[in-house]
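Single-structure report; data block below.
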Amino acid sequence: MRKILKISLIILGVIIVGMGILIFSFIQGMKPDKDKEEQIKIQAEQYLKDKFNDNFEVYDALYDNMGNFGFEYAAKVRDKETKTQFLVYYDDELDQMVDTFTAEKWTNDLEKEIRPYIKENFSEKTETHVYFDDLIGKELSIDPLNPGSYKDFNVAPTIRITLPRKKSDQDEKLFNDFISYLKSNDILQQGTIIVNYIAENGVILEDFEWSKEFK
């Protein structure tokens, strides 16, 4: 009996130590490498000198410890005049430094255009997020110092709307009216609208989603 108990304690001890090592490794993996953060900042500073002007500055670094983006480290940059914030990072596939300035600027511009309509016709608590491809500026060969307007290009962003309620029978008309508003007012001629519903506690009602691509 003592032998069995001793073996059991040894096995339990090994399991506990193993779990401790895994937890420690996980925590360490979640922490950014200060040297790599500094390196991406230096690279971004040089990138800004080559592509932008003195109105732009690096103010922080982003470590993607969850694999949500196409990079591990990125520099956080902002336009000191407009306060537009964006990322500069090294793209492994393109083998060069890239930025998300045009995407972020166009996102801000479109969200500003549609905010009054959303506020008036939806709900005060409605959340709206616009998505342009992060590298759309590079794809369209746009000068970052003269990004112009998204209206000048054949782009099709996604507008995601989150409503804090259940689905209504009137929603189909509500969303189609919104699309008509976008087109008739020359705000956006093509894109995708995605609508999610969430409960009062913030839980997504996965069974209810509305989406439509328009042209």
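Residue separation times 0.36 nm, minus the C-alpha to C-alpha distance between D33 and F69: what's the value? All intermediate terms of the calculation are to be shown ahead of the outcome.
On the way: separation 36, 0.36 × 36 = 12.96 nm, distance 1.71 nm.
So the extension gain works out to 11.3 nm.
Check cross-link reach from K49 to the lysines: straight Cα distance under 21 Å, and skip same-chain residues fewer than eight apart.
K36, K41, K76, K80, K83, K105, K138
Taking K215 as the anchor, which lysines have their alpha carbon closer than 16 Å to its alpha carbon, excluding any fewer than eight residues away along the same chain?
K215 reaches K151, K183.
So what's the gap between the Cα centers of segment 131-207 and segment 52-93, to the nearest angstrom?
If we compute the Cα centre of each part, the gap is 23 Å.
Hey, rough spin-label estimate for D95 and E57, points 7 angstrom out along Cα→Cβ, what's it come to in nanometres?
3.6 nm
Return the distance in nm (one decimal) between the two label points of a simple spin-label model at S211 and K166, each offset 7 Å from Cα along Cα→Cβ.
2.4 nm
Please work out the average accessible area per residue across segment 60-215, using the 1.4 Å probe convention, and give it in Å².
Per residue, segment 60-215 has 59 Å² of solvent-accessible surface.
Restricting things to Cα coordinates, could you compute the convex hull volume per residue of segment 123-215 in Å³?
126 Å³
Check each of the GluC sites (Glu not before Pro) in segment 111-215 and keep only those in coil by DSSP with at most 16 other C-beta atoms within 10 angstrom; list them in order.
In loop regions of segment 111-215 (DSSP not H, G, I, E or B), the sparsely surrounded GluC sites (Glu not before Pro) are E124, E200.
With an 8 Å Cα cut-off and a minimum separation of 6 or more residues, compute the relative contact order for segment 80-187 in percent. Write down the numbers at each step before the final one.
Details: 97 pairs, mean separation 26.8, N = 108.
Value for segment 80-187: 25 percent.
Under a crude label model (7 Å from the Cα following the beta-carbon direction), how far is A199 from N121 in nanometres?
3.0 nm
The values are calculated or read from the model by the stated rules, or taken from the named source; none is laboratory data. Everything quoted here is computed from the prediction, not taken from an experiment. Using ideal geometry, Cβ is built from the backbone for each residue, glycine included, and neighbour counts are taken over all protein chains shown. Note: areas computed on protein heavy atoms with side chains; ligands, DNA, RNA excluded. Shrake-Rupley method; radii C 1.70, N 1.55, O 1.52, S 1.80 Å.
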